[in-house]
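Below: one structure, written as structure tokens.
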Amino acid sequence: MEIIEKIKTNKSDDNLTEIQKICLHKLQSSPLPNPKSELWRLSNKSKLSTFLDYSVNEKDVKFDIPYSKNSQSTIRLIIGENCPIKLIEKNYSIQQLSEDELQKYIKEQISFFKQNENWSDLLNLSLSCKNNILGLKINGSKIPPIEIFSHASSNSLNAKTLVIFLEKNCDVELLQVNLGKENSSLSQSTFFCLKENSSVNHGVVSYGENRSNLLNSLNVIQQKNSAYNLGSLHFKFNYARFEISIKQSAGNAKTNIKGMQITKKDEQISTYTKIEFNGPNGFLDQINKSLADDKSHAIFEGSIIVPKIAQKTDASQLSRNLLLSNLAQIDTKPQLEIIADDVKCKHGATISQLNEEELFYMRTRGITLTEASKLQLSSYFQEIISFIPISKDKWDLLDKLLNEN
Amino acid sequence: MVNENLVKDVVKEPYKYGFVTDIETEKIEKGLNEDVIKLISQKKEEPKFLLDFRLKAFKKWQKMKEPDWAALGYKKIDYQNIIYYSAPKQKEKISSLDEVDPKLLETFDKLGIPLTEQKKLTNVAVDAVFDSVSIATTFREELAEHGVIFCSISEAVKNHADLIEKYLGTVVPASDNYFAALNSAVFSDGSFVYIPKGVTCPMDLSSYFRINSGDSGQFERTLIIAEESSSVSYLEGCTAPMFDTNTLHAAVVELIALDDASIKYSTVQNWYAGDEEGIGGIFNFVTKRGKCLGKRSKISWSQVETGSAITWKYPSCLLLGEESVGEFYSVALTNNLQQADTGTKMIHIGPKTKSTIVSKGISAGNSKNSYRGLVKMGTKATGSRNYSQCDSMLIGDQASANTFPYIKSQQPNSEIEHEASTCRISEDQLFYLQSRGIEFEEAVSMMVSGFCRDVFNQLPMEFAAEADKLLALKLEGSVG
């Protein structure tokens, strides 16, 4: 209940937006997620309570973007900066959604929410004030790459919301960067709506500093013939959850997901994905990798839902995990729920450590053990990192990951 | 183009074990309370430790809640509307099969169970359980020569109380889960097997469970102990008559394997599944667990699940001993409105332990078939390995197949591999077989049998042939 009191004490009822009121009302019936539900069962309760401990902060403190913009053509946006966006060029346009459009869309989404599955979204929307919600409508082609930043300030709980409409036939590369500060909590919810024939290469890179926390939720709706490619990377968080929900509203769409989470010390990072096919001929290729070291805990739970209508669905899901320490833990649970009969669905999961034979081979060739393990890890990371748009040539994530090892 | 209706027609076959034996039975009043438990215990002339075990379990059960996490939907069970003890009336003590009521023998004859002398040639020792009691165990003398004890659990309580007291409830404690607690409180009969040190059991042992009465539940308990360097293969079969009401079956099976021992436990479960509208059928809630206590011990579960309206069953292995091995091979077939939530648990505790899981699910009609499994590597399970494979086959667009594998590792020096796939009967393969002059139904049956081959190969020979036939019969009429 505390969190609700906190939001309320920050503002009087009159200052709350309609959406905040709706979400608060919903949260009141279940102020905390049900720990018995599969989605929250493994979540570390004390870490979640630390997440909620920080005081709610609506104002943004200036922050340094961790790397400089190399190319002039990249479009950079910061959620909460609150400067009007209106870019209309020959081939494309990027405009802010009007207040009405935003309200209407978010309300519609809330009506589909399920208390446990969307608890993070409810929390986000009840915390997010007008300034911290960014709504964009993207149209056209040959759009320069877009980077969107969202960050938390130290010793506070920040909530940022992003809504993106991708109009018909639009094609874009978009990188979302979530930055955690020391002792901070960030709640980030993203709503993506891909109209017919649109396609997006979406990257989500989240990294924190000491004791930073993150609740990151991503809701995607794909209309016919759209293609959604997601590359994600989460690391350096005391506690992080990445919840992905993708709905192919009429089938005939393609989804590719490559995600990775890296945990060290006593961190806990989890990824939950739910992919629903609501029409025929859907396609999914998903791989999720985890690496757990020290005393950390990595969790992956992915469900694929294929109802009767989704004939000829082709879905595959793979969970690959590296467990590097005796005290670390990995939980993985890929699931299939299928009613349609003419489908091809498969999933796989592995948990192991670095391949000893490969290590041995490299060592016989004079490579030291540390270097050999680095080489192996880099090939393990590379598959995911190369799938994240924009970042690959400008910002060497791989280096960052390996040098911190 | 495959004709959907044709395929559907292949899964339909009337349940041929649905007859009721008209025999006088001794039943107690419906309902469950401490007095009922005391009465059961008294009827079975049990020692005090067992009555205490039952009462303790009952107390725990009263505090527990029926689990609801399985992907199953069924109407609430009224536990007070069940008869907890039912036995065919017969002479007090049976010294030979000639004294068994001929009607009972006839029943088992109809089921094809070799109880009578002329059928003993098959070289399988059988313990036949009818409702709540064991009515006959064959080949006892031959087994006794090798020191093997094979009898009903009630007899074991009288004659080998020390073993029962030592091992009962050590693998599946009374508080393990709701249905195990219920079973511990009211279990009526079941089989007991003890294989002494160094003995390889000279023949396959088999139990046959038959529910005859419509309003009594069946709660059998099986305990198998394999001493050092011994080995045994145990088969279990089950049928029940057709009733419009649902009958509860909550069994517990405990296996214990000491150093270098091996136990192979095979089940062909063909309880009555209810009719096409889902009326009647057995609610099958079973807790089966084996403990690989000794070094290099091995427990292997193989099961063919074709019956029951509801199946809730997860035969598991606790791999404690160094280099111990757990195996699980399963075929689960659901049709009409059947629901099955079944799988296994492989808990790796000791070092260098290995486990293999092969699960094949076939869902037809409006049925629901879920695989739910857990593989866990504990902190001490260095050098352990697991391999799991779960395949589902869907027949018709109304059936559903789910896969829920839980995988947890706390040991970096161990490997877990899991794979699962879902498919349908391929039209190309059907077309190919048909173009070679093979009848449609036979082609489907061949493909289903091929799909299950990995599991059937693990079954004892007589069972494998039976399972193949059973599957073909069950599928008759539903593939199209």
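Just so you know, all these numbers are worked out from the coordinates, no wet-lab data involved. Note that this is a predicted model, so its numbers are computed, not measured. Note that we place each Cβ from the backbone using ideal geometry, even for glycine, and neighbour counts take in every protein chain shown.
Remark: spin-label model distance A:ASP285-A:SER111 equals 3.7 nm, labels positioned 7 Å along the Cα→Cβ axis. Counting every other Cβ atom within 10 Å of each residue's Cβ, A:CYS345, A:CYS129 order from fewest to most as A:CYS129, A:CYS345. The trypsin sites (Lys or Arg not before Pro) of the stretch A:315-370 that meet both conditions, a loop assignment by DSSP and at most 13 other Cβ atoms within 10 Å of the site Cβ, are A:ARG365.
Annotation note: chymotrypsin sites (Phe, Trp or Tyr not before Pro) in the stretch B:249-305 located in DSSP loop regions with a Cβ neighbour count of at most 10 within 10 Å are absent. Once the Kirkwood radius over Cα pairs is known for the stretch B:18-430, the Stokes-Einstein relation at 37 °C and 0.692 mPa s delivers a diffusion coefficient of 151 µm²/s. Membrane-span-like helices in chain A, defined here as complete DSSP H runs extending at least 15 Å along the helix axis by their C-alpha atoms with mean Kyte-Doolittle hydropathy no lower than -1.0, are A:18-29, A:369-385; this is a sequence and geometry rule, not a statement about a membrane.
Sequence-distant contacts, meaning Cα pairs under 8 Å at least 6 residues apart, place the relative contact order of the stretch A:2-249 at 17 percent. Taking all Cα-Cα distances within the stretch A:101-146, those exceeding 12 Å account for 71%. Projection of the Cα convex hull of the stretch A:2-249, averaged over all directions and equal to a quarter of that hull's surface, yields 12.8 nm². In this rough spin-label picture, where each label sits 7 Å from Cα along the Cβ direction, the A:LEU369-B:SER435 distance is 5.9 nm.
Which GluC sites (Glu not before Pro) does the stretch A:209-287 hold that lie in a coil by DSSP with at most 16 other beta carbons within 10 Å? Counting only loop positions with at most 16 other Cβ atoms within 10 Å, the GluC sites (Glu not before Pro) in the stretch A:209-287 are A:GLU209. Distance between the pseudo-spin-label points of B:GLU417 and A:LYS130 (7 Å out from Cα toward the beta carbon): 5.9 nm. Cα-Cα over 30 Å: which of A:LYS142/A:LYS258; A:LYS400/B:LYS354; A:LYS45/A:LYS274; A:LYS289/B:LYS380; A:LYS258/A:LYS308? The pairs that break the limit, which is 30 Å between Cα atoms, are A:LYS400/B:LYS354. Here A:LYS344 and B:LYS76 are evaluated by their C-beta separation; at R0 = 45 Å the FRET efficiency comes out at 0.75. Peptide B:390-398 shows a mean partner chain C-beta count of 3 within 10 Å per residue C-beta.
Going from the fewest other Cβ atoms within 10 Å to the most, the residues A:PHE113, B:PHE150, A:PHE277 appear in the order A:PHE113, B:PHE150, A:PHE277.
Under a Gaussian network description of chain A, with springs only between Cα atoms under 10 Å, the residue in A:GLN223, A:GLN376, A:GLN311 that fluctuates furthest is A:GLN376. Once the chain from A:GLU38 to A:TYR361 is taken as fully extended at 0.36 nm per residue, the excess over their C-alpha distance is 112.1 nm.
Packing-based ranking of A:38-45, B:325-332 yields B:325-332, A:38-45, ordered from highest to lowest mean Cβ neighbour count within 10 Å.
Computed across the protein assembly as shown, the Kirkwood hydrodynamic radius from all distinct Cα-Cα pairs reaches 29.8 Å.
Taking each residue in B:417-429, count the Cβ atoms of any other chain within 10 Å of its Cβ, then average. What number comes out?
The mean count of partner-chain Cβ atoms within 10 Å per residue comes to 5.
Neighbour counts of other Cβ atoms within 10 Å put B:MET461, B:MET377 in the fewest-to-most order B:MET461, B:MET377.
For the pairs B:LYS63/B:LYS288; A:LYS26/B:LYS313; A:LYS254/B:LYS75, note any where the Cα-Cα span goes beyond 32 Å. In this structure, A:LYS26/B:LYS313; A:LYS254/B:LYS75 exceed 32 Å between Cα atoms.
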